[in-house]
Amino acid sequence: MQLAWPMLIGQIAQIAMGVADTVMAGAVGPIDLGAVAVGFSLWLPIYVFCVGILSSVTATIARAVGARDHRAQINALQQGIWLALALAIICIVIVTRADLLLPLMQVDATVQPLSRIYLHGIAFGIPAILLFQVLRALSEGNGRSKPVMMIQVIAFLANVPLNLVFIHGL
């Protein structure tokens, strides 16, 4: 249970960031909200796929911790970093080209340019979010879920002021 509570709180913080993004984009206008919704719907399956692949790093590290094999932990971390970087390159290419799907999805022409900007903004952060997943695997594989929770809560708290800067240019 000590591992579960921090994970649950961290997941709630992630969901709250999405809610805050949606509310703040919706306050700007329906076109902005539509652009975020469409862009996020293209990004989410790619992100979930990467998280699924990188979740193997948690299991590998946890096995090495259980075996008290420090060298295997280091190897798993290093391989996880390389895997995250390779996935990041692939994802950046896919996400920056995902806007080509917008006309096929019959997305309103007024929404498409903002969706494109949103997707390019997401692409900029892909290496960081995938490397975070590897560091999360290291922490959770060692039975330490609180540091991950703290990072997610801090990210949530920073999200609203950063949204103000990025959405309104303050």
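Of all the stretches in the chain, which is the longest one without any exposed loop site, taking trypsin sites (Lys or Arg not before Pro) in a DSSP loop (any state but H, G, I, E, B) with at most 15 other Cβ atoms within 10 Å?
That would be 69-143.
Divide by every residue of the chain the summed helix terms, -39500 (n - 2.57) for each DSSP H run of at least 4, and state the resulting mean residue ellipticity at 222 nm, rounded to the nearest 500 deg cm²/dmol.
-30000 deg cm²/dmol
Just check the range 92-170 against the gyration tensor rule for me: Cα atoms, a ≥ b ≥ c as the square roots of the eigenvalues, rounded for a/c under 1.5, and otherwise prolate or oblate depending on whether a/b exceeds b/c.
It is oblate, given that a/c is not under 1.5 and a/b is not larger than b/c.
Which value, in debye to the nearest 20, describes the size of the charge dipole of the chain about its Cα centre when Lys and Arg Cβ atoms bear +1, Asp and Glu Cβ atoms bear -1, and nothing else is charged?
600
Shape call for the range 125-170 from the C-alpha gyration tensor, a ≥ b ≥ c root eigenvalues: rounded (a/c under 1.5), prolate (a/b greater than b/c) or oblate?
Judged from the Cα gyration tensor, the range 125-170 comes out oblate (a/c at least 1.5, b/c at or above a/b).
If I take R0 = 22 Å and measure r between the Cβ atoms of V160 and I12 in this structure, what FRET efficiency does the formula 1/(1 + (r/R0)^6) give, to the nearest 0.05?
Here the calculated transfer efficiency is 0.90.
Shape of the range 21-114 from its Cα gyration tensor (a ≥ b ≥ c, root eigenvalues): rounded if a/c is under 1.5, otherwise prolate when a/b > b/c, or oblate?
Because a/c hits 1.5 or more and a/b exceeds b/c, the range 21-114 counts as prolate.
Report the FRET efficiency, 1/(1 + (r/R0)^6), for I167 and W82, where r is their Cβ-Cβ distance and R0 is 35 Å, rounded to 0.05.
Computed FRET efficiency for I167 and W82 comes out at 0.50.
I'd like the distance separating the alpha-carbon centroids of the range 1-42 and the range 113-170, in whole Å.
Between the Cα centre of the range 1-42 and that of the range 113-170, the gap is 11 Å.
At 7 Å along the Cα-to-beta-carbon direction for both V23 and A72, put a label point, then send me their distance in nm to one decimal.
Each label point is offset 7 Å from its Cα along the Cβ direction, giving 4.6 nm.
With labels modelled as points extended 7 Å from the Cα through the Cβ direction, what inter-label distance (nm, one decimal) is found for K146 paired with I117?
4.2
Could you please report the charge total around M149, scoring K, R as +1 and D, E as -1 over all other residues with beta-carbon less than 12 angstrom from its beta-carbon?
Within the 12 Å Cβ shell, the charges total +2.
Read-outs throughout are calculated quantities, based only on the coordinates presented, and are distinct from any laboratory measurement. Bear in mind the structure is a predicted one, so any value in this text is a computation, not a measurement. Cβ sites come from the backbone with ideal geometry, for glycine too, and all protein chains shown count toward neighbours.
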